[in-house]
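Have a look at the structure below before the remarks.
Quick note: the coordinates plus some simple rules give every number you see, no bench work behind them. Note that this is a predicted model, so its numbers are computed, not measured. Ideal geometry is used to build each Cβ from the backbone, glycine not excepted, and the neighbour counts take in all protein chains shown.
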Amino acid sequence: MFLKLSSALRRDEGSSLVAILIIMLVLTIGGLTIAGAVINTIGIVQDGKDSASSRAAADAGLAEASVQLQRGDIICTPGDPAPGPVVSATGAATTYSVEVSCSTDPATGRSSLTLVSTGLGDGGSSTVTRAKYGPGLIGALTTMNVGAGGSISLTGGASRTNGNVLVNDGDFSCAGSAAIADTVITRDGSIAVSGGCLVNTHVVASKAVIVDSSATRIGGDVYALGEPPASGPLQSTMQAGTMFTLDTGATIKGNVHVVGNAVLTSGTIEGALTATGKVTVSSGVRVLGGIHAGGVIDGGGAASINPRRSAVTDGAPVPTVPRPWQLDAGAFEWVDVSYTAPGAGQPAAYDTCPAANPVAIIAKLSEFTTPQVVDWRRCGLTGGINFFGAAITLKTDVTIYGVSEFYMNGVTVKSNVAGTPRKFHLINPSASGRPLTPCPAGVQFDLNSLKMSADVSGIAYSPCKMFAGGANWNGMIYGQHIESFDGSTITFRDMTLPNGKQLRQPLGEILEMRDIG
C-alpha cells in the first residue's frame with residue numbers, strides 16, 4: 001500500500017513539474033513578446049523623431065538658401081557654372097546641404113531655379129527635398145510710370161513679345177493682331193485687349209479690363225480688381241463702376257475675376273466669371289463655367305448660363321476674388337543698376353567722349369575683341385549722342401554707360417560670326433534707390449527702329465525716359481518711363497547684368513516642392 005501511495009505521489013509531482021514548466025515557458029514567451037514590442041515601439045518613436053529632425057533640417061536649408069538668394073549673396077545665372085552649395089554652420093543644431101541650379105527654357109526664354117536640400121537627422125537619417133521656383137516678377141518690357149492718365153500701347157501685326165509686359169503705374173492697350181506670349185500686368189492701371197490682340201497667358205489689372213473684337217484671344221485668366229464701394233454691403237445698386245467688359249465675340253480661355261460690375265455683350269468665357277458686383281449678360285454670350293455674382297445677374301443671356309449664383313436674388317454667398325501675387329506690394333521693386341568698372345583681366349573702360357558726329361567712335365565699338373566697358377557718363381553733349389543709323393558688328397560683349405541723350409534710330413547690331421552670341425547693354429546708371437522723377441532735361445534713350453540680330457541680346461536700362469517704337473530688341477527693356485512701344489518686337493531673354501545682378505527678385509512662384517529621398 002505504501003508503495004502504491006509513493007508511486008502516486010511521484011506521478012502527481014511529475015505532473016505538477018510539467019505544468020509549472022509550461023506556465024514558465026508561456027510567461028517567458030509573453031515577456032519576450034512584450035519586451036520586443038516595447039523595443040520596437042521605442043525604435044519606431046526614435047525613427048520618427050530622427051525622420052522629423054532630418055525633415056526639419058532640409059526645410060531649414062531651403063529657408064537659408066532662399067534668404068541668401070533674395071539678398072543677392074548667391075547669384076545663379078543659366079548657362080554659367082552653378083554656385084557652390086549652401087551648408088549649415090559647423091556645430092549648428094541642424095545639419096543640411098543645399099544644391100542650387102538654374103536653367104532657361106529655350107522655347108520661352110523663361111528661367112527657373114531649383115533647390116535640392118539634404119537634411120540630416122539626429123540619428124543619421126536623411127531627407128532630401130526639392131523645390132523649384134519660377135522667376136521673380138519681370139517683364140520683357142518693364143516701365144515704372146507712363147504718366148498720370150498715360151497709356152503704353154502695342155499695336156500692329158508685327159508687334160510682339162515673348163515675355164511679360166509689366167506696367168507698374170499706368171494703363172496698357174494691345175490691338176491690331178499684336179501678340180504677347182506671356183502675361184500683361186498693370187499694377188496700378190487698366191488694360192484694353194482688342195483688335196485681334198493675342199495674349200497667351202494672363203491679363204492682370206489692378207483696375208479695369210476691356211476685351212473686344214472677335215479675333216482677340218486671351219489664353220489664361222483675367223483679373224480686373226477695381227475697388228468696391230467704400231461702404232455698405234454689395235448689392236445690385238452698388239455704385240462701383242463697370243470693371244470688366246467683354247464684347248464683339250472675343251474669347252477668354254480661362255476664368256475671369258472682377259471686383260465690381262461686369263458687362264458681357266458678346267463673346268465667350270470658357271472658364272467661370274466671378275464678380276463681386278452686378279453682371280449684365282446679353283443673349284449672345286457664352287460662359288461655360290457659370291457666373292457667381294455679388295449683385296444681380298441681369299439680361300437676356302442669364303438663363304442660358306449654368307450654374308448662375310447671385311448673392312442678391314439666389315441667396316448665394318458674396319463671392320471673393322483672389323488677388324494675384326503679381327500685384328502684391330513686395331512682388332516688384334525698382335532695381336538700381338550702378339556703374340560697374342571692368343573686371344580683373346579686362347581692358348580699362350573706354351572713356352573717350354564722342355564728338356558731335358561720332359562716326360569714328362561708333363566704328364570703335366566694332367573693333368573691341370575682349371569684353372569692353374564704354375564709360376560715357378561724363379559726356380553730356382548738347383543734342384546728345386547720335387548714332388546716325390550706324391551698323392555695329394560685335395566681336396565681343398560691349399556695355400555702354402551714359403547719362404546723355406542717345407539716338408539709336410535705325411541702328412543695327414549683329415555678331416561678327418553668325419550664331420555666336422554677343423551682349424550689347426545700354427545703361428543709364430542709377431543709384432537713387434528709385435527712378436528719377438523728374439529726370440534731368442535731355443536725358444533719354446531713343447531706341448526707335450533699332451534692330452538686333454538674333455545672336456545679340458542685351459538690357460536697355462534707364463531711370464529716365466526711353467522710346468522703343470519699332471525696335472527689335474532681344475533681352476529686356478527696363479525704364480522709369482517708356483514713352484513708346486508700338487510696332488516693337490521684344491524677344492525676352494532672362495539676363496544677368498554686368499555687375500552680376502538681375503532686374504528682379506530671384507524667386508517667383510513655387511512650381512514644385514516634394515521629397516525625393
Which of K132/K501; K253/K465; K207/K278; K364/K414; K395/K501 exceed 26 Å between C-alpha atoms? The answer is K253/K465
So, with points 7 Å from each Cα along the Cβ direction, the A391-S101 label distance in nm works out to 4.3 nm
DSSP loop (so not H, G, I, E, B), at most 14 other Cβ within 10 Å: list which trypsin sites (Lys or Arg not before Pro) in segment 444-517 pass both filters.
none
Starting from the Cα gyration tensor of segment 395-517, take the square roots of the eigenvalues, sort them a ≥ b ≥ c, and report rounded, prolate or oblate (rounded when a/c is under 1.5, otherwise prolate if a/b is larger than b/c, else oblate).
oblate
Assuming R0 = 60 Å, what is the FRET efficiency of A158 and A89, from their Cβ-Cβ distance, to the nearest 0.05?
0.60
Highest-first arrangement of 400-410, 334-344, where packing means the average Cβ count within 10 Å
400-410, 334-344
Between T108 and E512, what length comes free when the chain is fully extended (0.36 nm per residue of separation minus the Cα-Cα distance, one decimal in nm)?
143.6 nm
Where nothing but the Cβ of Lys and Arg (+1) and of Asp and Glu (-1) is charged, how large is the charge dipole of segment 360-432 around its Cα centre, in debye to the nearest 20?
120 debye
